[in-house]
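In what follows, a structure is listed as structure tokens, so that the remarks can point back to it.
The values are calculated or read from the model by the stated rules, or taken from the named source; none is laboratory data. Please read these numbers as outputs of a predicted model, since none were measured by experiment. Because the Cβ atoms are built from the backbone with ideal geometry, glycine has one as well, and the counts that use them run over all protein chains shown.
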């Protein structure tokens, strides 16, 4: 007999893939196909894409950079709740600061026959392959399908296909690692969803448009792409990349992070625009609106533009940069195919080696760095124009 989670589908983005895991475990199917919901459909109903740009500057003079392409980046609980609410599905959320209460909450859900989404720190889970230096920084969600008390193990689902087995202690540590997450769990109310898929799709698209236009600050709105283009080559502003990430190791690390966040960190490449393209294609069939099919093609083009930008941050003609990109791609592929493989640690060691060599001898002169920054600015401006046109068309569909 197949146990819950034995056919875990994996996925592209942590929140939408985990939500699909819950839906599949509960036997919920899409009303228009009578088949399991796709990750793309759940992603779009949750609000789909967004844009968040952050630069963090520390007292020690160090700076770091983060970009995300998901709607409601700052509140993944709201993203998941909204997706379920729009489909007429109730959810139950449990939170606690205590370790014993956290275990009781988990067991209560599993004993009731409910798979549950658990908030974790990915770097604390041993199969992630991530270095200890990233622990308590990698916000993540997984699906917990069951516990085996005889073996002291937990069966969970993540982005790789199929269940992953970790010790119950490892799961408890990962849940507790980020205190602000409060050992959070989310499970589905056992009621079946109302058949309101078309309305849920429209609400999801509206939420996407509103988020891109009316985010709480400029760095959470679509205009952040244009501003990023301004800053990446602005040598006069204190917020400009030439000041924050000067030539040398700071520039290299910022460029590597840009590549990771656009291409690899739960994006399916292209800053989630490809996943949103899939949603729009499916949504067009449900709503019988060919404009969504055309917009699907537009967002697929945007996904390719984002991927081209990511490659430009680590260009082929700068050998250490190209080597870094190859190793990052290799890490992602290995993790998805063989989570927990010893090869992951070897790749991390190789990445450290490249970083150390760059600290000793940076491969680009000042003029070459200026040329690279100008090209990145040009691409960001072009992407912003394309995203703005696509958003205008998306608004027209749901008005």
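Filtered by the rule that a residue be surrounded by fewer than 24 Cβ atoms within 10 Å (Cβ to Cβ), more than 17 Å from the chain's Cα centre (by Cα) and closer than 25 Å to residue 397 by Cα, the stretch 254-291 gives 281, 282, 284, 285, 286, 287, 288, 289, 290, 291. Of all residues in the stretch 49-67, none are under 19 Å from residue 157 (Cβ atoms), modelled with pLDDT of 95 or more and within 21 Å of the chain's Cα centre (by Cα). Does residue 336 satisfy the condition of being at pLDDT 95 or above, exposed (fewer than 15 other Cβ atoms within 10 Å of the Cβ) and part of a helix (DSSP H, G or I)? The answer is yes for residue 336. Against the list (1) assigned to a helix (DSSP H, G or I); (2) without any contact (Cβ under 8 Å) to a residue 60 or more places away in the chain; (3) closer than 18 Å to residue 80 by Cα, the condition residue 174 fails is (3).
Would you confirm, using the coordinates I've provided, whether residue 377 is modelled with pLDDT of 95 or more, assigned to a helix (DSSP H, G or I) and closer than 16 Å to residue 256 by Cβ? When the stated conditions are applied, residue 377 does not pass them. Restricting 323, 371 to those that are assigned to a helix (DSSP H, G or I), over 22 Å from residue 53 (Cβ atoms), touching a residue at least 12 places away in the same chain (Cβ under 8 Å) and outside the structural domain of residue 125 (by TED's automatic domain parsing) reduces the list to 323. Looking only at the stretch 145-168, which residues are closer than 14 Å to residue 17 by Cβ, crowded, with 17+ Cβ neighbours inside 10 Å and either at pLDDT below 95 or over 17 Å from the mean Cα position of the chain (by Cα) (or both)? Once the filter is applied, which keeps residues that are closer than 14 Å to residue 17 by Cβ, crowded, with 17+ Cβ neighbours inside 10 Å and either at pLDDT below 95 or over 17 Å from the mean Cα position of the chain (by Cα) (or both), the stretch 145-168 yields 145, 156, 163, 164. On the stretch given as the stretch 106-127, residues that are in a helix (DSSP H, G or I), touching a helix residue (DSSP H, G or I) at 6+ places or on another chain (Cβ under 6 Å) and buried (at least 22 other Cβ atoms within 10 Å of the Cβ) total 2.
Within the stretch 339-356, restricting attention to residues that are touching a residue at least 24 places away in the same chain (Cβ under 8 Å), out of contact with any strand residue (DSSP E or B) (no Cβ under 7 Å at 6 or more places or on another chain) and not in a helix (DSSP H, G or I), the residue that is surrounded by the fewest Cβ atoms within 10 Å (Cβ to Cβ) is 341.
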